[in-house]
Amino acid sequence: MKKILAMAAVAMMTAMNVNAQSAGEWTFKTRVGGNLSTVSNNDDAKWKADWSVALGVDYMITDKLAATLELQRDIMGSKSEMTDKKSTLDYLHFPLMAKYYVTKWLALQAGPQIGFLLRAKNDGVSYKDQCKKTEFSIPVGASVEIPVTSSWKSHVLVDLRYHLGLTKVNDYGTDSYCNRGFIMTVGYKYDF
């Protein structure tokens with residue numbers, strides 16, 4: 001039994017080494033999941049859970065480095081600690097990230113992101129006119145890519161990111177409330 005397991009492990013490692021991604025390849029991906037977000041510089045704000053969905057493309061620059069461009073919809077915001085009311089900030093984000101493959105399965109990623117505010121509600125009441133319409137942020141994170149086929153042409157993705165807002169959300173007052181959040185999604189990636 002030990003010999004069979006050892007032979008299977010060697011065969012899998014050999015297959016992984018032969019079928020890695022190469023420079024010049026394009027992949028398409030879709031992701032869906034949730035986020036846990038809040039705003040900085042607000043003692044009343046606590047974390048709020050919501051959803052996230054994305055699609056994008058990766059281009060392998062080298063065998064270890066890829067450029068990623070995505071279209072991502074994130075429902076962010078916070079919950080008031082005193083009143084339990086929810087503040088919802090709905091964004092369309094465009095991240096442009098560098099992705100470095102530490103191994104064939106694990107990639108670290110970071111880059112700039114621009115977001116456009118679609119709607120802003122506080123306990124169901126719109127306050128979009130009191131918010132900045134554009135947000136700049138930096139997402140940093142990691143993704144695990146598990147091959148579905150032996151040819152490494154398609155993968156199941158698990159993506160975890162931290163959203164660090166650089167510009168303030170509010171368009172009033174002297175306080176600077178910036179988005180913060182963790183985004184975890186699962187998805188599918190395939191070569192084209």
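Values computed for the structure shown
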read-out: Violating pairs (Cα-Cα greater than 30 angstrom) within the set Lys48/Lys168; Lys29/Lys85; Lys64/Lys168; Lys46/Lys133; value: Lys29/Lys85; Lys64/Lys168
read-out: Cα→Cβ-extended label distance, 7 Å offset, between Asp44 and Lys133, nm; value: 2.7
read-out: Charge sum, other residues only, whose C-beta stays under 10 Å from Trp51's C-beta, Lys/Arg counted +1 and Asp/Glu -1; value: -1
read-out: Accessible surface, per residue, of the chain when the full set of protein chains is kept, probe 1.4 Å, Å²; value: 53
read-out: Linear extension gain, Leu96 paired with Glu25, 0.36 nm per residue minus alpha-carbon span; value: 23.8 nm
read-out: Using a Förster distance of 41 Å, the FRET efficiency for Leu108-Tyr172 (Cβ separation, nearest 0.05); value: 0.65
read-out: Sulfur and carbon atoms: percent of accessible area, the chain [1.4 Å]; value: 67
read-out: Degrees separating the helix 2-18 axis from the principal Cα axis of the chain, which is the longest one; value: 70
read-out: Aspartates and glutamates with Cα under 20 Å of Lys104, excluding same-chain neighbours fewer than 8 positions away; value: Glu25, Asp58, Asp63, Glu145, Asp159, Asp191
read-out: Separation of the Tyr188 and Thr83 label points, Cα + 7 Å toward Cβ, nm; value: 4.3
read-out: Largest-first principal axis extents, alpha carbons of the chain, Å; value: 66, 37, 22
read-out: Nearest-10 value in Å² for the accessible area of Leu106, using the 1.4 Å probe; value: 60
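The values are calculated or read from the model by the stated rules, or taken from the named source; none is laboratory data. This one's a predicted model, so the numbers in the text were calculated from it and none came from an experiment. Every residue, glycine among them, receives a Cβ derived from its backbone with ideal geometry; neighbour counts consider all protein chains shown. These accessible areas exclude ligands, DNA and RNA; they are computed on the full protein's heavy atoms, side chains included. Shrake-Rupley method; radii C 1.70, N 1.55, O 1.52, S 1.80 Å.
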